[in-house]
Amino acid sequence: MNRLLEDLLKVMTLERLELDLFRGESRDIGSPQVFGGQVLGQALVAATATVDGGRLAHSLHAYFLRRGDCNAPIVYEVDRARDGNHFATRRVVAIQHGEQIFNLSASFQSAESGFEHQSPMPKVAAPDDLPNPETHARELFATLPARARRQLELKRPFEFRFVEPLELVNPSKRPAVRHVWFRAVDRLPDDEALHRALLAYVSDYHLLETSAMPHGVSFVSERVMMASVDHAMWFHRPVRVDEWLLYATDSPSASGARGFARGMIFSTDGRLVASACQEGLIRPVDR
């Protein structure tokens, strides 16, 4: 397995301290705090470990309370809120340095059949027809702030392909709509719970940025401060994150120094496998 992906699986494997108490380690991805998707994925792993009967997460709602420290472990405390006949609910609190940095509520369901419908998948270019954004980023390194260079030069366990042009320097003001293909860089085990946890992890990439597009700023700009405040996901159908998935995002609103973005995640055969919403800080910075 690819070394970076193998390391991510290690990060997503938590140490069980007590029946409902877990500890995880972090990785520095170049941001000034622990990557929000990592905490989101680890919290879902902790919650899943306390659910019996083959039930899988179908939704989660989370808040980012404080910045996480990459150099210290994170403890996850799970509360078994409810175990019903078909559904189970869990609450998770992430603690670091004696303070809550994150909390999550997740609902799990046994497999059932019922009505089926979904929104159609957007018609966009296929991932193999799109350029590798790493090549574009390397060409711009000399023009980027040091903080942005560090974020972009680190290799990641996921690869991305942008349908719309990726504008990092002096971006134009564009409609708040973006389509991004992504997948893990190597094959993963056949474990649906693992794929859903990793989908939660990667769903934090490039979502909030959509709300900044109408204002001509990018996530590497020193003119804006961006940080996730909350995150919600719904898992609709089985998913594999080691196969190409399309993240179709838009942002219907920005106000009060907050941006709101939502996304639909499709498999290559057109199935809507998950949806996500996020509100975050997009505060203009006067330099």
GLU77 vs. criteria in contact with a helix residue (DSSP H, G or I) (Cβ under 9 Å, 6 or more places away or on another chain), touching a residue at least 24 places away in the same chain (Cβ under 8 Å), over 19 Å from TRP234 (Cβ atoms) and among the acidic types (Asp, Glu): yes
Filter result for the condition that a residue is crowded, with 17+ Cβ neighbours inside 10 Å and in a strand (DSSP E or B), over MET226, MET213: MET226
Looking only at the stretch 254-270, and only at residues there that are among the charged types (D, E, K, R) and part of a strand (DSSP E or B), the one that is nearest to the chain's Cα centre (by Cα): ARG262
Within the stretch 12-39, considering residues that are farther than 18 Å from ARG183 by Cα and aliphatic (A, V, I, L, M), the one surrounded by the fewest Cβ atoms within 10 Å (Cβ to Cβ): LEU19
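Rundown of residues vs (1) modelled with pLDDT of 95 or more; (2) within 20 Å of the chain's Cα centre (by Cα); (3) farther than 22 Å from ASP230 by Cβ; (4) in a loop (DSSP other than H, G, I, E, B), yes/no style:
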position	(1), (2), (3), (4)
ASP242	yes, yes, yes, yes
PRO252	yes, yes, no, no
VAL273	yes, yes, no, no
ASP286	no, no, yes, yes
Single residue of SER59, SER105, SER26 found to be over 22 Å from VAL273 (Cβ atoms) and within 18 Å of the chain's Cα centre (by Cα): SER26
In the stretch 161-181, the residues that are buried (at least 18 other Cβ atoms within 10 Å of the Cβ), modelled with pLDDT of 95 or more and assigned to a loop (DSSP other than H, G, I, E, B): VAL163, ALA176
Residues of the stretch 89-121 that turn out to be over 30 Å from ALA72 (Cβ atoms), out of contact with any Gly (no Cβ under 8 Å at 6 or more places or on another chain) and surrounded by 13 or more Cβ atoms within 10 Å (Cβ to Cβ), as a count: 2
Of all residues in the stretch 52-77 being outside any strand (DSSP E or B) and hydrophobic (A, V, I, L, M, F, W, C), the one that is surrounded by the fewest Cβ atoms within 10 Å (Cβ to Cβ): ALA72
Selection status of GLU116, within 21 Å of GLY263 (Cα to Cα), at pLDDT 95 or above and either of a type in the set (D, E, K, R) or not in a strand (DSSP E or B) (or both): yes
Complete set of residues in the stretch 229-238 that are surrounded by fewer than 20 Cβ atoms within 10 Å (Cβ to Cβ) and over 22 Å from GLY68 (Cβ atoms): TRP234, HIS236, ARG237, PRO238
Qualifying residue in the stretch 184-191 (condition: part of a helix (DSSP H, G or I) and of a type outside the set (Asp, Glu)): no
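The values are calculated or read from the model by the stated rules, or taken from the named source; none is laboratory data. Note that the structure is a prediction, hence the values are computed from the model and not measured. As a convention, Cβ positions derive from the backbone with ideal geometry for all residues, glycine included, and neighbour counts pool all protein chains shown.
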